[in-house]
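Trainee: Pasting a structure here, questions to come.
The values are calculated or read from the model by the stated rules, or taken from the named source; none is laboratory data. Since we're looking at a predicted model, the values are computed, not measured. In this analysis, Cβ positions are derived from the backbone assuming ideal geometry, glycine residues included, and neighbour counts consider all displayed protein chains.
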Number of protein chains: 2
Amino acid sequence: MSVVEKKLNGGLTERLNTGGFRFTPQRQQVYDVLLQKRDHPTAEEVFIRAKKQMPEISHATVYNCLDALVECGLVRQVQLDRGATRFCPNMHEHCHFYCDVCDTVYDVDLPAKTQPGVPLPKGFKAERYEIAIHGVCPDCARSKAKPV
Amino acid sequence: MSVVEKKLNGGLTERLNTGGFRFTPQRQQVYDVLLQKRDHPTAEEVFIRAKKQMPEISHATVYNCLDALVECGLVRQVQLDRGATRFCPNMHEHCHFYCDVCDTVYDVDLPAKTQPGVPLPKGFKAERYEIAIHGVCPDCARSKAKPV
DNA sequence: CTACCCATTTAGAATTATTCTAAATCTTGA
DNA sequence: TCAAGATTTAGAATAATTCTAAATGGGTAG
């Protein structure tokens with residue numbers, strides 16, 4: 001990959017390198033899929049979307065790429081229900097709203113002060129907080145409110 | 001089950017009934033397993049422990065019982081990593097600390113004011129908050145600090 | 001330039017987690 | 001007692017993830 005291409009990929013190569021990973025077209029593709037449609041897809045969904053552009057990509061590679069992206073801080077992994085893990089390329093401070101009716105996930109901004117409110121017992125070292133809010137999204141609230 | 005036995009099971013029967021479920025020995029057993037060792041076991045672990053007392057209990061029943069207990073508010077379901085869902089009979093307001101090194105889960109009390117800090121966009125109805133803190137527990141922090 | 005090392009990818013198998021199915025059993029109320 | 005419906009059971013089916021071994025490919029020491 002040329003220097004120009006490196007500059008064009010938005011720092012992906014550098015972030016990967018910093019994390020001890022190489023740049024690969026597959027990792028680029030997987031990252032692009034996440035950036036293109038930010039609907040918190042599962043690994044399986046990422047696989048399906050990535051295949052459209054890169055038909056030879058394999059299942060294991062998608063998992064590998066997602067793990068690499070998570071490890072170098074470009075992607076967040078989100079566990080919300082008993083189903084598959086979802087992935088989110090939004091690295092701004094935010095939490096997730098999960099609609100228990102339609103399973104949709106929404107990003108919710110956090111006020112700056114929200115984070116460090118939880119006092120931990122001695123010796124525990126917090127590295128990150130994951131806040132999930134379960135409830136009903138506006139669409140589903142509306143449908144529920146208007147029964148047949 | 002006699003009235004006396006009902007009184008002795010700590011309100012389990014009533015809670016189940018309120019949720020539209022019947023009392024069953026399996027549900028009692030699964031609940032007891034959770035109460036006896038509060039280490040956030042997975043469904044599989046609950047199954048193994050429950051079998052010691054009730055060898056005929058089946059896998060599907062354990063899932064059924066856990067779901068029933070969750071639905072009537074006696075048990076919380078916790079998703080912390082890509083692995084199996086864990087179950088927690090502590091219904092006091094608390095969040096979970098997950099040690100990324102040893103996979104242990106700790107309950108962490110929340111100060112009363114912590115909860116409603118997240119302003120939701122219009123139309124969203126929050127039903128519950130799940131806060132997970134990822135990091136390193138005291139034991140693992142100690143081992144890391146003393147390398148060979 | 002070449003050879004080697006090692007990271008990465010691939011297909012597919014294996015494993016793990018969860019749900020489903022159909023039959024048997026049990027509980028409850030008429 | 002009987003019928004309806006809830007629950008349990010074993011095991012199959014499905015879903016999610018990880019593993020394996022072979023192939024590929026890039027980067028670098030020589």
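Trainee: Please enumerate the residues belonging to segment A:49-66 that are buried (at least 18 other Cβ atoms within 10 Å of the Cβ), polar (S, T, N, Q) and assigned to a loop (DSSP other than H, G, I, E, B).
Mentor: If the condition is that a residue be buried (at least 18 other Cβ atoms within 10 Å of the Cβ), polar (S, T, N, Q) and assigned to a loop (DSSP other than H, G, I, E, B), then no residue fits.
Trainee: Let me ask something else. Please work out which one of (1) more than 14 Å from DNA strand D (Cβ to nearest atom); (2) crowded, with 16+ Cβ neighbours inside 10 Å; (3) away from chain B (no Cβ under 14 Å) is the condition A:Glu45 fails and give its number.
Mentor: (1)
Trainee: Sticking with this one: Take the conditions within 11 Å of chain B (Cβ to nearest Cβ), closer than 21 Å to B:His94 by Cβ and touching an Asp or Glu at 6+ places or on another chain (Cβ under 7 Å) and apply them to A:Gly123. Does it pass?
Mentor: The answer is no for A:Gly123.
Trainee: Please work out which residue is nearest to A:Pro25 (Cα to Cα), limiting yourself to segment A:67-93 and to residues that are surrounded by fewer than 15 Cβ atoms within 10 Å (Cβ to Cβ) and in contact with a helix residue (DSSP H, G or I) (Cβ under 8 Å, 6 or more places away or on another chain).
Mentor: The residue in question is A:Gly73.
Trainee: Please tell me if B:Val108 is surrounded by fewer than 16 Cβ atoms within 10 Å (Cβ to Cβ) and either among the aromatic types (Phe, Trp, Tyr) or touching a Cys at 6+ places or on another chain (Cβ under 6 Å) (or both).
Mentor: Here the answer is no, as B:Val108 does not meet what is asked.
Trainee: Now a separate question. What is the one condition in (1) more than 14 Å from DNA strand D (Cβ to nearest atom); (2) in a loop (DSSP other than H, G, I, E, B); (3) at pLDDT 95 or above that A:Arg82 does not satisfy?
Mentor: (1)
Trainee: Now for a different question. I'd like to know if segment B:67-74 contains one or more residues that are part of a helix (DSSP H, G or I), in contact (Cβ under 8 Å) with a residue 40 or more places away in the chain and near DNA strand D (Cβ under 8 Å from one of its atoms).
Mentor: yes
Trainee: In segment A:101-120, what residues are assigned to a loop (DSSP other than H, G, I, E, B) and either without any contact (Cβ under 8 Å) to a residue 24 or more places away in the chain or within 7 Å of chain B (Cβ to nearest Cβ) (or both)?
Mentor: Passing the criteria: A:Asp103, A:Leu110, A:Pro111, A:Val118, A:Pro119, A:Leu120.
Trainee: Just to be sure before I move on: is B:Leu66 within 14 Å of chain A (Cβ to nearest Cβ), under 20 Å from B:Ile131 (Cβ atoms) and within 14 Å of DNA strand C (Cβ to nearest atom) in the structure I sent?
Mentor: The answer is no for B:Leu66.
Trainee: So which residues in segment A:135-144 are facing chain B (nearest Cβ under 7 Å) and either under 26 Å from B:Cys137 (Cβ atoms) or assigned to a helix (DSSP H, G or I) (or both)?
Mentor: Correct list: A:Pro138, A:Ala141.
Trainee: Being over 15 Å from the mean Cα position of the chain (by Cα) and either near DNA strand C (Cβ under 7 Å from one of its atoms) or of a type outside the set (Phe, Trp, Tyr) (or both) is the filter here; which residues of segment A:16-27 pass it?
Mentor: Answer for segment A:16-27, where residues must be over 15 Å from the mean Cα position of the chain (by Cα) and either near DNA strand C (Cβ under 7 Å from one of its atoms) or of a type outside the set (Phe, Trp, Tyr) (or both): A:Leu16, A:Asn17, A:Thr18, A:Gly19, A:Gly20, A:Phe21, A:Arg22, A:Thr24, A:Pro25, A:Gln26.
Trainee: Would you call B:Cys95 part of a strand (DSSP E or B) and either more than 14 Å from DNA strand D (Cβ to nearest atom) or of a type in the set (Gly, Ala, Ser) (or both)?
Mentor: In short, yes.
Trainee: Only one of (1) in contact with a helix residue (DSSP H, G or I) (Cβ under 7 Å, 6 or more places away or on another chain); (2) in contact (Cβ under 8 Å) with a residue 40 or more places away in the chain is not met by A:Arg38, so which one is it?
Mentor: (1)
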